[in-house]
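Scroll down for the structure; my scribbles are underneath it.
The values are calculated or read from the model by the stated rules, or taken from the named source; none is laboratory data. Computed from a prediction, not measured in an experiment: that's the story for all the values here. Positions of Cβ are generated from backbone atoms using ideal geometry, with glycine treated the same way; all protein chains shown enter the neighbour counts.
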Amino acid sequence: MIKETTIDHVREADIVKVIGSYCDLKKAGSNYNCRSPFTEDKTASFMVNPVKNTWFCYSSNQGGDAIEFVKIRENCTFIEAVEKVAGICGILVEHEALTEQQQLKHNAREKQLGVMRATAKEYKEQLQKLPATHWAKVMIGVRNINQESILSFGIGYTPGERLVTKSLTEKALYDVGVQAGLISAKDGRNFDFFNDRLMFPIQNVKGEVIGFGGRQSGNVDNSPKYLNSKESDIYSKTATLYGLYQAKNVIHKTKQAVLMEGYTDVIAAHQNGVDTAIATCGTALTDKQAELIARYARTVIICRDNDVPGTYKDFITEGKNVIKKYNLKFDLQSKNVTEFFNDIKEKYNEVIDTADFEVLEKAYKNINHTELGAGTRAAVKDINILLGAGLRVLICHLPEGEDPDSFSQKNNLKKYIEDKSTDAVTWKTTLLKNRAADDAYKMPEVFKEVADMLFAIKDDYIRKDFAKNLSKVLKISEKELRGYVDDIQQRVEDEAKSKLKVEDAELKKLNLPKGADYQEFLQHRYCTVGNSYWFRGKEGFFKGTNFRVTPIFHIGGKKNNQRICEIVNEDGIKRILAINSDDFVAKTTFEKIIFRDDNYVFEENTTASHYYLFRNRMSKEFVKANEVFTLGTNDRHNFFAFADSIFYKGIVKKINPYGVIELDIPVETENSSEFHTQSNHYYLPAFSEINKYNDDDDDDYENDRCLVYNQSPVTFYQWADQMVKVYGFEKASTGICFNLASLYRNVFSKRYEAFPFVFMTGEKGSGKTKYGMSLTNMFTHKQVPFDLNTATISAFNRRLARFNNIPNFLEEFNDNIDDKIFQGIKGAYDGRGRELSKYNDDKRTATVKVKTPLVIASQYLSSRDDNSITSRSILMHFIKPQEAFTNEQMKDFNLLKSWEEKGLSSLITDLLVHQEFVLKNIHDTYSELIKMIKTDLKGREYQERMMQSYMILLTPFKIYEEVMNMPFKWEDVYTHFKNMILESSDLIVESEGLAEFWRVMEYLLDRYFIKEGEHFKIDAKLSVRFQTRKGEPDMIWTNKDNKRLLFLRLNAVHQLYHKEISMREGAEVITEGTIRNYFKSKKYFLGVVGSERFGKISTSAVVFDYDAMMQGNILNLDRNEVVDTPDTNFDANGEPIYSVKNGPVIPQEMKPIQRQMELNGEPSDDTPF
């Protein structure tokens, strides 16, 4: 670490030499200038003041010292800038090593200084944004504060409105803001300490911002005119002088300082050539401030406000009222009060009403002619303090009612100070004597006050000289006056002897530890000393903790009710903790929690009663926040929550390190209640500093971490276009529409009680998993599909109940999954919810609403519960490719997956930007599409629910096409969906009627009740002669695609089907005639042939497109060839055990089970198509 002494030397470096090494400076009077090195301005707008050792750039509104210049010019850190300046000026850079504790304290101080620096910068930017008519800009204009002064003194403005509180909270600097006095908390809310004020940064001698003074507009009732920062680790009011940083170089050169009262006094003085002006910021001068002045100056000129005394003000107010009421030609300012009253009495007594004159007369009689104004009283006190610091003291007494700021607006302040400054010691003596008016009873007190002033002078020679002169003024002997001084000397010596006893007595009486705040103790009955709390015991105060806590947020609600706070111990070790509110109640539980995290302990004498004092104080200072339990769309406030951010009103806001985001949500008036307070803070715990380092085995937010905001590498159009390239138009358009509609699932569910699933079927390796992940990867990042085969109820609940309008991918669906999971999936369709779990603490059942759109993968269509899942789905079938993918196909696929790897979730916000437009048109568009599709499908057989499902998907796409570019038209999607409605409806009917027939046929085949060649055959005939209506010739159908055809002896198979179904309890037999009618509505039905040979028999047969039936997962009659081998094995009952060619020996009756095991045991998808 660089030594502070080195930094001080660098600050004093020749600024002309430093900046001259970067810029071509030219002499301009006493200053230097050049074109701005920060802008393209072509005028000499950059100025260097070598006397003040500062620079200003009027074109970029920046300024500072040499270090600040290098920081900006080189875009480097403070330390790097110090080293660069030292190198330019040949200053030796010395370093020092710090202990761990020193380093922690240093880091804490630097953090506070960084916060103050950033806040000052923000205030300056806020001022620049204000219109010229704003009161702050008007006030600056009225006071003639120029741009150089604004830059030099860093003047800014704060609107308040939690400007600083929000920023520091988001950066996990809340505690720093509280300690620096920038943030206040009260009654469960936090807010900026400064609100709607013109801001004056307070700098130390190094130029570091350590505090602020804020000036209000003057139109705010019950608000102090000036508000100053509270004291902190970096700011001590009693040891800081405003303007000293700007004036110190000139003071050091001239050895003279001018002491004023306020911020605007100093600024006005500097503008008017008084470059040595400094101020006490409205506080009384202290010994420390006087000592600070003495480091740079030998002489101080006191130039305080010459305020009109209070009783004078009352008379002047009444006088002005009389002048205004009677329109008198009087200049009150040009007369003293006695002259004014006498003139009124003599000249206008008859004009003024008796009542008005009596009021004026009463005010005149109440005047205390010996009363001093506040500024004069302060000056009288200042003299002794400044003399005590070894300074020569002069005083410049301004005209009555004037302060340096007001006087400089119409007079030459610099010349007035030069001409009117007089010796302060003599002035004070004369003032005191005149006030006593040579009254014999008052003069002894005057002698004592003058002697006290003389005693403050440490130099005996100077003291003797003043005693000689002042004795003449007081008309007493020098010896007599020195006797008063000697009395004071004796009193001081006596007091010094008993000082320790007095201090001990006071400490024993108050029992306050060193560094404690008395007001804090009065309010809370304990006090903070450093990073510890001190409580009062029977024998005085004792240290009760080795830590200090800053309350941040109270996460409300019935579950996960927590208190988030920062805790720091005396070693400077800081943590952010989330403590259950129940654990905050008692000392024992709280103590366990904090000790488990690090070395945070209560001392042995701390009792539960002491803890309650601490707890009750903390509980009032937490700010209320709401935990976001459902990610995705927030139905109540219409924002979209990721695990690490919230999208609201077109802006993505990231969580702060506490896991909290503040949104400007309007207060609800309709649902407001005196028993509920709305909070605009929202808690997302997954990526807070508290939880983001959780181990994988101890992570409650594992699923949440997949829904993060990632900036997509491509636009929505590019993504959608690539989907078409990879998956083809039909599948891609369906998935894209599903994703768009998913963002409005809640709207459809609420109005129409429907939102369809995407239900994908196909064998392993068909590509359905890759497709499903491409859909969900637009929303989530690297989230694996949820395996329903291995799922537990609780895991299923966590996965589905957490998201709203965010698709979830469920794979390995089959009709044998747990009933609660099955019912939960059903509940996702209409949003009504299903009973999924129970509370831990009682027997109440919890109805969990599944608010997530579902993408489901299965090998087969579902027929469970009267096809309840199938009928609620958009059905998509995937076929395993027979040929290898081309290089172009693989390139397109890999490109899409590379985008998914980077994250695509910003596409959600790109879509939600148009949410208002979509919501405005969604129901009308849906109604139009329903009317259109019903018209187009008039006379066709289709399922109403299937039609509704497809139109739900198409509605948002049609609306988005009006505001966004899409790779295809909604009309093309409409045509595709119209065909899919008919095809899918066929599949549903199939499931409801024929499915059972086909399953029984497969069962009969596996049981060898029917045989290929005898009851059916599969053949790829080139042509077939189909029967037509009676009297019409047969039709020749050509098999152009060389499809495999199924020839079925329906009459023979139906008899076996009838026999099998009749033995099943509760099953109903479908007649042969009904089945024939079902056949006629199927696309895979081709016709009937009058004669087809089956073995030795020729008979009529029904003919189907067997390839289409296989692709649609309707029927599978393919079996391995079973043969008798010469070495046939026999079981225990003497029955032969058949062997399957190229396979293991399996008993005949086990073949159906073996087939199912084979299907279930195949490897996972590994291709995209």
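For a quick check of your reading: which strands (runs of 3 or more DSSP E) sit entirely within the stretch 749-858 and have at least 3 residues that are farther than 28 Å from GLN1111 by Cβ and either at pLDDT below 85 or not small (Gly, Ala, Ser) (or both)? Reasoning before the result, please.
Numbers: elements: 757-761, 808-813, 834-838, 845-848, 854-858.
Result: 834-838, 845-848.
Would it be correct to say that ALA290 is under 20 Å from ASN49 (Cβ atoms), touching a helix residue (DSSP H, G or I) at 6+ places or on another chain (Cβ under 6 Å) and not aromatic (Phe, Trp, Tyr)?
No: the conditions fail for ALA290.
Go through (1) touching a Leu at 6+ places or on another chain (Cβ under 8 Å); (2) touching a residue at least 60 places away in the same chain (Cβ under 8 Å) one by one and return the number of the condition LYS624 breaks.
The failed condition is (1).
Anything in the stretch 301-311 that is of a type in the set (S, T, N, Q) and modelled with pLDDT under 80? List them, or say none.
THR311
Identify all residues within the stretch 575-624 that are touching a helix residue (DSSP H, G or I) at 6+ places or on another chain (Cβ under 6 Å) and of a type in the set (S, T, N, Q); write none if there are none.
THR589
When ALA284 is evaluated against the numbered criteria (1) surrounded by 15 or more Cβ atoms within 10 Å (Cβ to Cβ); (2) within 21 Å of ALA424 (Cα to Cα), which criterion, by number, is the only one it fails?
Unmet for ALA284, out of (1) surrounded by 15 or more Cβ atoms within 10 Å (Cβ to Cβ); (2) within 21 Å of ALA424 (Cα to Cα): (1).
Among the listed residues SER217, SER223, SER184, identify the single one that is in a strand (DSSP E or B), surrounded by fewer than 22 Cβ atoms within 10 Å (Cβ to Cβ) and of a type outside the set (Asp, Glu).
SER184
Go through the stretch 312-335 and give me each residue that's at pLDDT below 70 and among the basic types (Lys, Arg).
If the condition is that a residue be at pLDDT below 70 and among the basic types (Lys, Arg), then LYS335 is the only one that fits.
Here is a check on your reading of the model: is LYS137 under 22 Å from ILE576 (Cα atoms), among the basic types (Lys, Arg) and not assigned by TED's automatic domain parsing to the domain that holds GLY530? Talk me through it step by step, then tell me what you get.
Working: under 22 Å from ILE576 (Cα atoms): no; among the basic types (Lys, Arg): yes; not assigned by TED's automatic domain parsing to the domain that holds GLY530: yes.
Taking the combined requirement at face value, the residue does not satisfy it.
Say whether the condition of being among the small types (Gly, Ala, Ser), at pLDDT below 90 and crowded, with 16+ Cβ neighbours inside 10 Å is met by at least one residue in the stretch 198-213.
The answer is yes, given that some residue of the stretch 198-213 is among the small types (Gly, Ala, Ser), at pLDDT below 90 and crowded, with 16+ Cβ neighbours inside 10 Å.
Can you find, within the stretch 81-95, the residue that is farthest from SER21 (Cα to Cα) among those that are touching a strand residue (DSSP E or B) at 6+ places or on another chain (Cβ under 8 Å) and either assigned to a loop (DSSP other than H, G, I, E, B) or of a type in the set (Phe, Trp, Tyr) (or both)?
Within the stretch 81-95, the match that is farthest from SER21 (Cα to Cα) is GLU94.
Against the definition (among the hydroxyl-bearing types (Ser, Thr, Tyr) and outside the structural domain of LYS770 (by TED's automatic domain parsing)), how does TYR1008 come out, yes or no?
Yes; evaluated as a whole, the condition is true for this residue.
Of the numbered conditions (1) in contact (Cβ under 8 Å) with a residue 60 or more places away in the chain; (2) in a helix (DSSP H, G or I), TYR974 fails exactly one; give the number of that condition.
Result: TYR974 passes all but (1).
How about the stretch 352-452: which helices (runs of 4 or more DSSP H) wholly inside it have at least 2 residues that are within 53 Å of the chain's Cα centre (by Cα)?
Once the helices (runs of 4 or more DSSP H) in the stretch 352-452 are filtered for at least 2 residues that are within 53 Å of the chain's Cα centre (by Cα), what remains is 374-388, 404-408, 413-420.
Restricting to the stretch 441-459, count the residues that are acidic (Asp, Glu), free of Cβ contacts under 8 Å to residues at least 60 places away in the same chain and closer than 16 Å to LEU386 by Cα.
1
Name the single residue, out of those in the stretch 727-750 being under 20 Å from ASN777 (Cβ atoms) and of a type in the set (S, T, N, Q), that is surrounded by the fewest Cβ atoms within 10 Å (Cβ to Cβ).
By that ranking, first place goes to THR734.
If you check every pair at least six apart or on different chains, which have Cβ atoms under 6 Å apart with a residue in the stretch 758-776 that is within 12 Å of TYR860 (Cβ to Cβ) first and a residue that is in a helix (DSSP H, G or I) and among the hydrophobic types (A, V, I, L, M, F, W, C) second?
none
Considering only the stretch 1061-1108, how many residues are within 17 Å of LEU1050 (Cα to Cα), out of contact with any helix residue (DSSP H, G or I) (no Cβ under 8 Å at 6 or more places or on another chain) and aliphatic (A, V, I, L, M)?
Summing the residues that are within 17 Å of LEU1050 (Cα to Cα), out of contact with any helix residue (DSSP H, G or I) (no Cβ under 8 Å at 6 or more places or on another chain) and aliphatic (A, V, I, L, M) in the stretch 1061-1108 gives 5.
When the stretch 138-172 is examined, which residues are found to be over 18 Å from GLN128 (Cβ atoms) and surrounded by fewer than 23 Cβ atoms within 10 Å (Cβ to Cβ)?
Correct list: VAL142, ASN144, ARG162, LYS166, GLU170, LYS171, ALA172.
What's the total number of residues in the stretch 1098-1115 that are modelled with pLDDT under 90 and more than 22 Å from LYS1040 (Cα to Cα)?
Of the residues in the stretch 1098-1115, the ones modelled with pLDDT under 90 are 1108-1115.
Narrowing further to those that are more than 22 Å from LYS1040 (Cα to Cα): 1113-1115.
Number satisfying all stated conditions: 3.
Yes or no: LYS880 of a type outside the set (Gly, Ala, Ser) and within 27 Å of LEU631 (Cα to Cα)?
No, not satisfied.
Based on what the data block shows, is LYS731 part of a loop (DSSP other than H, G, I, E, B), touching a residue at least 40 places away in the same chain (Cβ under 8 Å) and closer than 24 Å to LEU895 by Cα?
no
Report yes if some residue within the stretch 287-300 is at pLDDT 95 or above and crowded, with 21+ Cβ neighbours inside 10 Å; otherwise report no.
So far as the stretch 287-300 goes, yes, one or more of its residues are at pLDDT 95 or above and crowded, with 21+ Cβ neighbours inside 10 Å.
So for the stretch 947-956 (the condition being surrounded by 12 or more Cβ atoms within 10 Å (Cβ to Cβ), free of Cβ contacts under 8 Å to residues at least 40 places away in the same chain, touching a helix residue (DSSP H, G or I) at 6+ places or on another chain (Cβ under 6 Å) and more than 22 Å from ASN638 (Cα to Cα)), does at least one residue qualify?
Within the stretch 947-956 (the criterion being surrounded by 12 or more Cβ atoms within 10 Å (Cβ to Cβ), free of Cβ contacts under 8 Å to residues at least 40 places away in the same chain, touching a helix residue (DSSP H, G or I) at 6+ places or on another chain (Cβ under 6 Å) and more than 22 Å from ASN638 (Cα to Cα)), the answer is yes, since at least one residue qualifies.
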